[in-house]
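K.L.:
Starting off with a structure, shown below.
Just so it is clear, none of the values below were taken in a lab; they were calculated from the coordinates. Because the structure is predicted, anything quoted here is derived from the model rather than measured. Here Cβ is always computed from backbone atoms with ideal geometry, including for glycine, and neighbour counts include all displayed protein chains.
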Amino acid sequence: MVTRPVDEAMAEDRPAKAAVRQRWVDCLIELDARWEGREPLYLTLPGAEGRDVALAVQHGVIALNEAGSIAEESLHKVVAVERGQEAALQLRRRFPGLKILDQPIQSLVRGEGLTSYPEAEHRVWCRALVVNLDLSARLEGEARAGGISFPVVSWIGKLAVLHAQEPIVPWTLLLTMNAEPSLAHEGLRDIGTLFRENISLSPAFRERLADLVGPTAVEGLSTEATDPLGGSDDQTLRSVVVAAIPKLIAGVVPEGWVMRSEWCLRYGGESGHAGMIAYRFDFTLADGNLAPVERYKHTVDDLLRSVERIEEDGTVL
């Protein structure tokens with residue numbers, strides 16, 4: 001029996017998580033309308049339960065044949081990444097014919113380094129129109145020469161590079177992460193450097209950041225203080241993480257592309273549940289008439305455009 005924490009959380013199927021999954025399937029329905037079959041429609045980390053796959057089947061995005069297996073026309077449509085043997089077996093039993101890659105996502109993208117990328121069939125899977133990274137991990141930074149490296153952000157950067165290769169594939173990233181402050185966040189005392197330029201560049205970003213983290217934190221992040229978040233409570237630090245994730249991803253978007261933040265959903269953080277954050281980011285080619293600084297400003301203006309809260313009963317505020 002599968003007993004990993006990620007599978008236990010998915011099996012619990014809290015209303016707040018169900019609301020996030022509904023946003024996922026709405027996205028799949030939208031992009032299925034323009035899916036041409038050259039690349040997969042959907043790359044996902046479904047866990048043993050495969051609830052997002054089941055929802056896609058329920059809404060007709062993925063077809064089944066009379067025997068209950070994935071229909072031939074949908075075999076190339078979805079691929080699951082699942083590193084647990086027992087979880088992968090459970091998925092195969094529930095969805096016969098489902099393409100399952102028995103490896104962690106970091107192995108699929110071949111780590112953080114920028115010199116090694118997926119090849120052959122793995123490259124094709126990584127260029128899906130929708131990539132769903134449903135992670136339970138916190139935003140962990142690792143000290144490197146020249147600054148701090150964030151593994152998850154590096155994986156996303158590599159996925160972005162793969163989609164930018166010919167033939168170009170505009171794509172959508174669905175990302176879920178744990179927004180709880182961690183010891184690793186103490187290494188982000190210079191986090192102001194992530195925001196300082198953007199606060200100056202984009203009044204819209206500054207206003208939305210202030211709504212999210214509070215004006216006092218924004219003032220601290222706007223300065224060159226050694227510890228701009230000193231004395232901040234967990235709620236403020238959690239909000240800073242919520243803002244930092246899209247900011248970090250924007251920094252790895254290939255030149256010539258624009259990242260649009262379609263929605264950001266916060267949930268958990270009470271009743272014994274960890275604070276979580278789910279995003280949808282769309283990546284499209286930028287207007288060729290815009291200068292690089294203007295393209296980047298368009299991305300920054302949009303980063304915190306829609307931040308919503310999901311209550312424990314699944315109500316979106």
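K.L.:
Just the Cα atoms of the range 1-145: what Rg and Dmax do they give in Å?
P.N.:
Over the range 1-145's Cα set, Rg and Dmax evaluate to 15.5, 56 Å.
K.L.:
Fewest to most neighbouring Cβ within 10 Å: what's the order for 112, 72?
P.N.:
Values: 112 18, 72 10.
Taking fewest neighbouring Cβ atoms as first place, the list is 72, 112.
K.L.:
If r is the Cβ-Cβ distance from residue 311 to residue 233 and R0 is 25 Å, what FRET efficiency results, to the nearest 0.05?
P.N.:
Given R0 = 25 Å and the Cβ-Cβ separation, E is 0.75.
K.L.:
Run the reach check for residue 247 against lysines, Cα to Cα strictly under 25 Å, same-chain hits fewer than 8 apart removed. What comes back?
P.N.:
The reachable lysines, counting only those whose Cα sits under 25 Å from residue 247, are 17, 158, 297.
K.L.:
Follow-up. Please compute the Kirkwood hydrodynamic radius of the range 82-184 from all pairs of different C-alpha atoms, in Å with one decimal. Write down the numbers at each step before the final one.
P.N.:
Details: mean 1/r = 0.0654 Å⁻¹.
Taking the inverse mean of 1/r over all distinct Cα pairs, the range 82-184 comes out at 15.3 Å.
K.L.:
May I pose another question? Calculate the spin-label point distance for residue 34 paired with residue 67, positioning each point 7 Å from the Cα along the beta-carbon direction, and give it in nanometres.
P.N.:
3.6
K.L.:
State, to one decimal in nm, how far the label point of residue 207 lies from the label point of residue 89, with both points 7 Å from Cα in the Cβ direction.
P.N.:
Reported label-point gap for residue 207 and residue 89 is 5.7 nm.
K.L.:
If you rank 264, 126 by fewest surrounding Cβ atoms within 10 Å, what's the result? Intermediate results must be reported in sequence, preceding the final value.
P.N.:
Values: 264 23, 126 26.
In increasing order of surrounding Cβ atoms, one gets 264, 126.
K.L.:
Could you estimate the translational diffusion coefficient of the range 173-317 from the Stokes-Einstein equation, with Rh from the Kirkwood formula over C-alpha pairs, at 20 °C and 1.002 mPa s, in whole µm²/s?
P.N.:
So the translational diffusion coefficient is about 136 µm²/s.
K.L.:
So, R0 is 25 Å and r is the distance between the beta-carbons of residue 106 and residue 273; what FRET efficiency does that work out to, to 0.05?
P.N.:
Working: r = 26 Å, r/R0 = 1.03.
Efficiency, from the Cβ-Cβ distance: 0.45.
K.L.:
Follow-up question, since we're still on this one. Check cross-link reach from residue 99 to the lysines: straight Cα distance under 18 Å, and skip same-chain residues fewer than eight apart.
P.N.:
77
K.L.:
How much length is gained on full extension from residue 285 to residue 298, taking 0.36 nm per residue of separation minus their Cα-Cα distance? Numbers along the way, then the final one.
P.N.:
On the way: separation 13, 0.36 × 13 = 4.68 nm, distance 1.22 nm.
In short, 3.5 nm is gained.
K.L.:
How far apart, in nm, are the 7 Å Cα→Cβ label points at residue 225 and residue 119?
P.N.:
5.1
K.L.:
Taking the Cα atoms of the range 56-97 alone, what are Rg (to one decimal) and Dmax (as a whole number) in Å?
P.N.:
Cα radius of gyration and Dmax of the range 56-97 are 10.6, 29 Å respectively.
K.L.:
Percent of Cα-Cα pairs more than 37 Å apart in the chain, please.
P.N.:
Working: 7224 of 50086 pairs.
It works out to 14 percent of all Cα pairs.
K.L.:
Ok, one more. Take the alpha-carbon centre of the range 32-67, take the same for the range 212-283, and report the distance between them in whole Å.
P.N.:
First find each Cα centre; the distance between them is then 30 Å.
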